[in-house]
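Q: Provided herewith is a single structure, encoded as structure tokens, for subsequent inquiry.
The values are calculated or read from the model by the stated rules, or taken from the named source; none is laboratory data. A quick note: this is a predicted structure, and the numbers were derived from the prediction, not measured. Methodologically, a virtual Cβ is constructed for each residue, glycine included, from the backbone with ideal geometry; neighbour enumeration extends over all protein chains shown. Note: areas computed on protein heavy atoms with side chains; ligands, DNA, RNA excluded. Shrake-Rupley method; radii C 1.70, N 1.55, O 1.52, S 1.80 Å.
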Amino acid sequence: MDVPGLYNYWIVVVLMMIGFYVVIAQGNLVKKIFGLNIFQVGVFVFYISMAKVKGGTAPILDGGIEVYSNPLPHVLILTAIVVGIATMALGLALVVRIRDAYGTIEEDEIETQEGELP
Amino acid sequence: MILLHLPALQVVVPLMAAPACVLLRHGRIAWALALVVTWTAFAVALALLLQVIDSGPISYAMGGWAPPWGIEYRVDTLAAFILVIVTSIGALVVPFARASVEREVASDRIYLFYTMYLLCLSGLLGITITGDAFNLFVFLEISSLSSYVLISLGRDRRALTAAFRYLILGTIGATFYIIGVGMIYMVTGTLNIADLASKLPAMADSRTVHMALAFLTVGISLKLALFPLHLWLPNAYAFAPTAVTVFLAATATKVAVYVMIRIVYTVFGGPAIFEQMPIDEMLMGLGMLSMIGASLVAIFQDNVKRLLAYSSLSQIGYMVLGLSLANVSGLAGGIVHIFNHAMMKAALFMAVGCIFYRVGSVHIDALAGLGRRMPLTMAGFVIGGLSLIGAPLTVGFVSKWYLIQGALERGLWPVALVILASGLLALIYVWRIVEVAYFRPSPDGATEIREAPLSMLIPLGVLCVACIYFGIDATATMDLATAAAVELIGSHP
């Protein structure tokens, strides 16, 4: 298996798994949001890596440039970053509201409080 | 001239009206705007459907950029059908929502409710109409983000944790979707769905394409709440304001089912891909587990909204089952069930909304004696319930008939038995509610409970009439669903 040549993709997998693990294993809601963000960043790196053309430069319209990276995934990921920020902002806002309502942002404590309700 | 731009208007009108609601800053005016916009969207969807029936699929190049480079809006029979379902529910929920939302949402947030409602609607319409796989992701996130906000507007504090859980799982689902799209882009170099459909079959036996399909299936399954990825749904539906529950239960998961059909049948070429990856068998197994498992859980619920949420999970199982049968009858049964379930579940949740409006609770004990005090609401509930069970002369019967036929055509008679068994389980949980409402005396001091206001009863009535009308004369819906299934599978068997 060509590990050094696929270096970027290995980092993508590692980042995604770190993020995914944090989302599942952490009981703190803020940490969950950050785990989700790391997970998404892994995907962003995945898109940017796939756009790379060997020996290519940045995609700039200029006479001297003939080989350049594919700009489309860059643009797509710009959109995805905006979506990611919106998700993170909304998630953190919800955490603030949850803290107001429950007095805690630990998942297990919230669950005990919910268990007492009818 | 304007007829040419209907596909764009379908999405743009609600999208532009949403920020206008914020600027208006007044609950009633925002409501009036939402009413006008949703009915306009419904009219546009009907016009598109007529155009598609008349002259075949419509392709609209957004901003004049020709596909496959620009973003294409594409309306075929299936998309037009789903657009009509989403907009009709969207248009019926708004009149219902006026009284219901005033009761269930803080009065200074009502205009924000309509903002988010219109955003969610435009997101769902965008998902349906777009012909671009990445554009679909953007609309998916527009509709998801606004639905998280809508759910968190519920008065119960558990609405907040339900919205949070949905946010986490929904985002994971959407991210899985873009991973899958990224992989098929790597292989084909295109994002246009029609272009993908023509290029993918030649490359279908690469590992990247298989991984892409796996990611897409898991991601969309999270969105459509297929067992065992359904954990976000019951609490989200139970604690959201009722108008939100009506809208999301009738449209959001249905649009996710549409995305699944689109990806599996249009992008990956349908039955051919099943020979390489047994997605159909997996979906069939999980669909049947949903149908039986969720119905069993529903029987033991005491919160009526939660009970109906579990019943939604089991009904989603029917749609996924129809998709996995991979023949025209099965797929058409699944597609028509999208329509039928939207009608019946919207009616049921509206009835629950009427009950909450007057009684202030959705616990099953609070329903005691309501058969006498709220006869029209409970009659609506019974009609919706009969449709869930699949009684003849209701819409539920039609879709089950086609699903069973699809299963028998494949020689899968155990699947047909599971469909019947799930209907019997539905009978148990619907009967529990009917028994309490009609045969248990109402508690003392509940005499002031009256029928819900007309603005809530009329949308409920319209849906109940639709449940029966399309159950008796299903030719219109079945013709559309069959035409869509034939378009997707390619030929009549």
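Q: What chymotrypsin sites (Phe, Trp or Tyr not before Pro) does the range B:220-319 have in DSSP loop regions with at most 10 other beta carbons within 10 Å?
A: Within the range B:220-319, the qualifying chymotrypsin sites (Phe, Trp or Tyr not before Pro) (loop, at most 10 other Cβ atoms within 10 Å) are B:300.
Q: Let me ask you something else. Could you tell me whether the range A:7-116 comes out rounded, prolate or oblate from its Cα gyration tensor? Rule is a ≥ b ≥ c as square roots of the eigenvalues, rounded for a/c under 1.5, then prolate if a/b exceeds b/c, otherwise oblate. Walk me through the numbers on the way to the answer.
A: Numbers: a/c = 6.20, a/b = 2.61, b/c = 2.37.
Since a/c reaches 1.5 and a/b is larger than b/c, the shape of the range A:7-116 is classed as prolate.
Q: Looking at the range A:14-68, which chymotrypsin sites (Phe, Trp or Tyr not before Pro) are DSSP coil and have at most 14 other C-beta atoms within 10 Å of their C-beta?
A: The qualifying sites: there are none.
Q: Separate question: Pairs on different chains or at least eight residues apart, Cα atoms closer than 20 Å: how many lysine pairs in the protein assembly as shown fit?
A: Summing the qualifying lysine pairs gives 9.
Q: Now a separate question. On the full set of protein chains, 1.4 Å probe, figure out the accessible area of residue B:74 and give it in Å² to the nearest 10.
A: In the full protein context, residue B:74 sits at about 90 Å².
Q: Now a separate question. Under unit Cβ charges (Lys, Arg +1; Asp, Glu -1), what dipole magnitude, rounded to 20 debye, does chain A have relative to its Cα centre?
A: Working: 6 positive and 11 negative charges, 104 e Å.
It comes to approximately 500 debye.
Q: Put a dot 7 Å past each Cα toward the Cβ at residue B:55 and residue B:36; how far apart are the dots in nm?
A: Each label point lies 7 Å from its Cα, and together they span 2.9 nm.
Q: Going by the alpha-carbon gyration tensor, a ≥ b ≥ c the square roots of its eigenvalues, is the range B:278-493 rounded (a/c under 1.5) or, if a/c is not under 1.5, prolate (a/b greater than b/c) versus oblate?
A: Here the range B:278-493 falls in the prolate category.
Q: Shape call for the range A:1-62 from the C-alpha gyration tensor, a ≥ b ≥ c root eigenvalues: rounded (a/c under 1.5), prolate (a/b greater than b/c) or oblate?
A: oblate
Q: Heavy-atom accessible area per residue, chain B, 1.4 Å probe: how many Å²?
A: 34
Q: As a test of the formula, what do you get for chain B when each DSSP H run with n ≥ 4 contributes -39,500 (n - 2.57) and the sum is divided by the residue count, at 222 nm and rounded to the nearest 500 deg cm²/dmol?
A: Values: 20 runs with 375 residues, N = 493.
Taken over chain B, the calculation gives -26000 deg cm²/dmol.
Q: Given Cβ point charges of +1 (Lys, Arg) and -1 (Asp, Glu) and nothing else, what value in debye, to the nearest 20, does the dipole of the range B:278-493 about its Cα centre take?
A: The dipole magnitude comes to about 460 debye.
Q: Another question, then. Heads up, I need the accessible area for residue B:409: 1.4 angstrom probe, whole protein in place, Å², nearest 10.
A: About 100 Å², rounded to the nearest 10.
Q: Please calculate the 1.4 Å probe accessible area of residue A:74, with all protein chains present, and give it to the nearest 10 Å².
A: We get 70 Å² for residue A:74.
Q: Also: Compute the distance from the alpha-carbon center of the range B:321-374 to that of the range A:82-118, in whole Å.
A: After rounding, the separation between the Cα centres reads 29 Å.
Q: About its Cα centre, what dipole magnitude does the protein assembly as shown give when the only charges are +1 on Lys and Arg Cβ and -1 on Asp and Glu Cβ, stated in debye to the nearest 20?
A: My answer is approximately 860 debye.
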